[in-house]
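The values are calculated or read from the model by the stated rules, or taken from the named source; none is laboratory data. All figures in this text were calculated on a predicted structure; none of them were measured in a lab. So basically every Cβ, Gly included, is an ideal-geometry build from the backbone, and we count neighbours across all protein chains shown.
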Amino acid sequence: MANTVYILNGPNLNLLGTREPEIYGSTTLADIEAMCQKHAEKNGLSLSFHQSNDEGALVELIQEARSKGSAIIINAGAYTHTSVAILDAILALEIPVIEVHLSNLFKREAFRHHSYITPAAQGLICGLGAQGYVMALDYLSQS
């Protein structure tokens, strides 16, 4: 369990591949999971990959990672811009957190420019599509 990276995905990310492909691309969440699994195995990491449209479920997974995970990669979707509960859960961690977004938040609507997660995260990767998850895994495997 010590090398388990939790990859947490928020609301509507289950619709990747069909939802606004001009913004999010055609890669599905299952594609991202498979890509991450392959990359994690190559780097000696195991994954606990999740998606939820429910804020409380994401908070529970963050809390679970406190004792079962070595790090978290999180794409909180819209909760990025609204959730103090997710921020508070992350602040209770003693493991690294990398925030990932498929699109560049700063090229989008102004309300997306603010993240509650960024101040508590070790790093932020945005705008590089699904490759951002792999980049986060690379960083964690070298830390």
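Can you name every residue in the stretch 1-36 that is under 13 Å from the mean Cα position of the chain (by Cα) and aromatic (Phe, Trp, Tyr)?
Matches in the stretch 1-36: Tyr6 only.
Looking only at the stretch 1-29, how many residues end up being part of a loop (DSSP other than H, G, I, E, B), among the polar types (S, T, N, Q) and in contact with a Leu (Cβ under 8 Å, 6 or more places away or on another chain)?
Count: 3.
Looking at the structure I just gave you, is Ile32 β-branched (Val, Ile, Thr), modelled with pLDDT under 95 and in a helix (DSSP H, G or I)?
For Ile32, the condition - β-branched (Val, Ile, Thr), modelled with pLDDT under 95 and in a helix (DSSP H, G or I) - is not met.
Just a yes or no: is a residue in the stretch 61-69 among the polar types (S, T, N, Q), in contact with a helix residue (DSSP H, G or I) (Cβ under 9 Å, 6 or more places away or on another chain) and modelled with pLDDT under 95?
no
Select from the stretch 72-101 the residues that are at pLDDT 95 or above and polar (S, T, N, Q) and list them in ascending order.
Matches in the stretch 72-101: Asn75, Thr80, Ser83.
Filter the stretch 1-56 down to the residues that are of a type in the set (S, T, N, Q), surrounded by 16 or more Cβ atoms within 10 Å (Cβ to Cβ), over 16 Å from Ile73 (Cβ atoms) and touching a residue at least 24 places away in the same chain (Cβ under 8 Å) and list them by number.
If the condition is that a residue be of a type in the set (S, T, N, Q), surrounded by 16 or more Cβ atoms within 10 Å (Cβ to Cβ), over 16 Å from Ile73 (Cβ atoms) and touching a residue at least 24 places away in the same chain (Cβ under 8 Å), then Asn14, Asn53 are the ones that fit.
Take the residues of the stretch 59-81 that are out of contact with any strand residue (DSSP E or B) (no Cβ under 6 Å at 6 or more places or on another chain) and under 10 Å from Gly10 (Cβ atoms): which is surrounded by the fewest Cβ atoms within 10 Å (Cβ to Cβ)?
Among those that are out of contact with any strand residue (DSSP E or B) (no Cβ under 6 Å at 6 or more places or on another chain) and under 10 Å from Gly10 (Cβ atoms), it is Ala78.
Just checking, does the stretch 66-84 include any residue being of a type outside the set (D, E, K, R), closer than 20 Å to Ser48 by Cβ and free of Cβ contacts under 8 Å to residues at least 24 places away in the same chain?
The answer is yes; a qualifying residue exists.
Which residues, counting only those in the stretch 1-27, are of a type in the set (Ser, Thr, Tyr) and either touching a Cys at 6+ places or on another chain (Cβ under 6 Å) or modelled with pLDDT of 95 or more (or both)?
Those that are of a type in the set (Ser, Thr, Tyr) and either touching a Cys at 6+ places or on another chain (Cβ under 6 Å) or modelled with pLDDT of 95 or more (or both): Thr4, Tyr6.
Report yes if Glu109 is within 19 Å of Val134 (Cα to Cα), surrounded by fewer than 16 Cβ atoms within 10 Å (Cβ to Cβ), of a type outside the set (Gly, Ala, Ser) and free of Cβ contacts under 8 Å to residues at least 40 places away in the same chain, otherwise no.
No: the conditions fail for Glu109.
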